[in-house]
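Remarks on the structure that follows.
The values are calculated or read from the model by the stated rules, or taken from the named source; none is laboratory data. Remember, predicted model here, so these are calculated numbers, not experimental data. Ideal geometry is used to build each Cβ from the backbone, glycine not excepted, and the neighbour counts take in all protein chains shown.
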Amino acid sequence: MSDLPPDVEALIGVRQYEETAEFPVERGYIWNTCAAVQNGNPLFWDDAVADAVTGGPIAPPTTLSLWMRPHYWSPGHAGERLALRVHFDMKARFDLPEAIIGDNTLVFYEPVRPGDVITHAQVLRSVSDVKTLHLGTGRWWNIDVEYWNQQGETVGVESYAGFGYRKPGQ
Amino acid sequence: MTLVLDDVAVGQQVPPLSFDVTATIVVLGAIASRDWRPMHHDHDFAVHHQGLKDIFLNTPNQAAWFERYLTDWTGPCGRLGRMTFRMKGSVFPGDTMVLEGTVTDVDVDDTGCGWAGLAVTLSVGGDVKTACSARIAIPTTADDNPWSRNGDQWNP
């Protein structure tokens with residue numbers, strides 16, 4: 001039987017923190033991403049190839065999270081803005097000062113294209129009972145981040161396994 | 001050249017990619033992925049506040065390296081469906097990272113889409129820093145194009 005508090009149990013499967021990107025998908029970041037890893041895939045550099053293969057330019061699939069990352073600063077916001085807020089909520093809820101991310105899974109659906117405006121939401125999928133690992137004692141949680149475009153088509157899902165913990169003696 | 005599924009077999013090795021990581025590469029990758037956290041661009045923060053050797057490659061940038069590695073192999077018709085990775089250690093400026101991959105399975109799904117599964121590692125000096133498993137769609141024939149699939153014809 002689960003020992004989860006009812007308020008945490010009530011969050012499982014619920015879309016939280018739905019947000020729409022602060023800017024549309026644009027080719028500058030596509031080219032910066034390719035430049036950073038020296039990715040010469042002609043899909044991203046040659047529009048004739050992109051037209052033939054993908055029906056026009058697309059973003060590299062692994063840029064999924066890029067489009068939703070907040071500006072470092074913008075009017076009305078102060079301080080660092082956190083990306084995976086449910087993860088930090090769980091740390092706070094269970095008073096676990098440390099955390100690691102274990103496996104990270106990316107699943108890609110409809111291609112992301114320049115001009116798309118991406119929206120995402122975070123979904124807490126599960127929280128484990130208390131576990132003790134070599135790092136310390138805490139809980140695992142699984143969080144999905146779902147991404148969709150302005151047509152409501154799913155473009156990708158990221159899944160994170162986080163372990164929040166307290167070190168021995170902490 | 002675009003790979004087709006008949007060119008792929010379980011146990012096949014993907015040609016390795018070796019790359020000398022510099023501070024510029026780490027910072028470029030972090031900023032390109034809009035990751036503003038200081039451990040990816042601020043040497044003083046990484047060393048004196050986090051007790052690390054140096055700034056290090058961030059997670060989305062590593063995903064981009066894996067994507068580049070896989071599509072260098074498949075060509076532009078290769079369509080990434082899924083990747084899972086686990087970071088075991090950090091990659092710092094001055095490291096020579098090596099990406100290596102092995103085909104773990106080859107199949108055609110119920111919709112006729114061809115897939116290769118791969119185990120990929122990113123290593124430095126023989127130590128695996130990140131382990132990745134990936135599933136990438138590969139044309140079944142020279143006329144096939146996985147990018148033309150959507151909806152229930154695309155099951156990554």
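Among the residues of the stretch B:105-122, those identified as closer than 15 Å to residue B:66 by Cβ and in contact with a Leu (Cβ under 8 Å, 6 or more places away or on another chain) are B:116, B:118, B:120, B:121, B:122.
The lone criterion from (1) assigned to a helix (DSSP H, G or I); (2) more than 30 Å from residue B:74 (Cα to Cα) left unmet by residue A:78 is number (1). With a requirement of 1 or more residues that are touching a helix residue (DSSP H, G or I) at 6+ places or on another chain (Cβ under 6 Å), away from chain A (no Cβ under 14 Å) and touching a residue at least 60 places away in the same chain (Cβ under 8 Å), the strands (runs of 3 or more DSSP E) lying completely within the stretch B:94-156 that satisfy it span B:114-124. Which of (1) without any contact (Cβ under 8 Å) to a residue 60 or more places away in the chain; (2) in a helix (DSSP H, G or I); (3) among the β-branched types (Val, Ile, Thr) is the odd one out, the single condition residue B:26 does not satisfy? For residue B:26, the exception is condition (1).
Could you tell me whether residue A:114 is in a loop (DSSP other than H, G, I, E, B), more than 8 Å from chain B (Cβ to nearest Cβ), of a type outside the set (D, E, K, R) and in contact with a helix residue (DSSP H, G or I) (Cβ under 6 Å, 6 or more places away or on another chain)?
Numbers: in a loop (DSSP other than H, G, I, E, B): yes; more than 8 Å from chain B (Cβ to nearest Cβ): yes; of a type outside the set (D, E, K, R): yes; in contact with a helix residue (DSSP H, G or I) (Cβ under 6 Å, 6 or more places away or on another chain): yes.
Yes, satisfied.
Of all residue pairs spaced 6 or more apart or on separate chains, those with beta-carbon atoms under 6 Å, a first member in the stretch A:124-146 that is in contact (Cβ under 8 Å) with a residue 24 or more places away in the chain and a second member that is part of a strand (DSSP E or B) and acidic (Asp, Glu) are A:125/A:144; A:145/A:158.
Confirm whether residue A:35 is without any contact (Cβ under 8 Å) to a residue 24 or more places away in the chain and either basic (Lys, Arg) or under 18 Å from residue A:148 (Cα atoms) (or both).
Working: without any contact (Cβ under 8 Å) to a residue 24 or more places away in the chain: yes; either basic (Lys, Arg) or under 18 Å from residue A:148 (Cα atoms) (or both): no.
Considered against the rule, which asks whether it is without any contact (Cβ under 8 Å) to a residue 24 or more places away in the chain and either basic (Lys, Arg) or under 18 Å from residue A:148 (Cα atoms) (or both), residue A:35 comes out as no.
Of the residues B:73, B:115, B:65, the single one that is buried (at least 19 other Cβ atoms within 10 Å of the Cβ), among the aromatic types (Phe, Trp, Tyr) and closer than 21 Å to residue A:64 by Cα is B:65. Look at the stretch B:35-52: where a residue is in contact (Cβ under 8 Å) with a residue 24 or more places away in the chain and surrounded by 13 or more Cβ atoms within 10 Å (Cβ to Cβ) and a partner is among the small types (Gly, Ala, Ser) and in a helix (DSSP H, G or I), sitting 6+ places away or on another chain with Cβ atoms under 6 Å, you get B:52/B:46.
Mind listing just one residue for me: the one in the stretch A:77-100 that is modelled with pLDDT under 85 and surrounded by fewer than 13 Cβ atoms within 10 Å (Cβ to Cβ) and, of those, farthest from the other protein chains (Cβ to nearest Cβ)? Talk me through it step by step, then tell me what you get.
We begin by selecting, within the stretch A:77-100, every residue modelled with pLDDT under 85; these are A:77-84.
Remaining after also requiring surrounded by fewer than 13 Cβ atoms within 10 Å (Cβ to Cβ): A:77-80, A:82.
Details: A:77: 13, A:78: 14, A:79: 12, A:80: 8, A:82: 10 Å.
Per the stated criteria, the residue is A:78.
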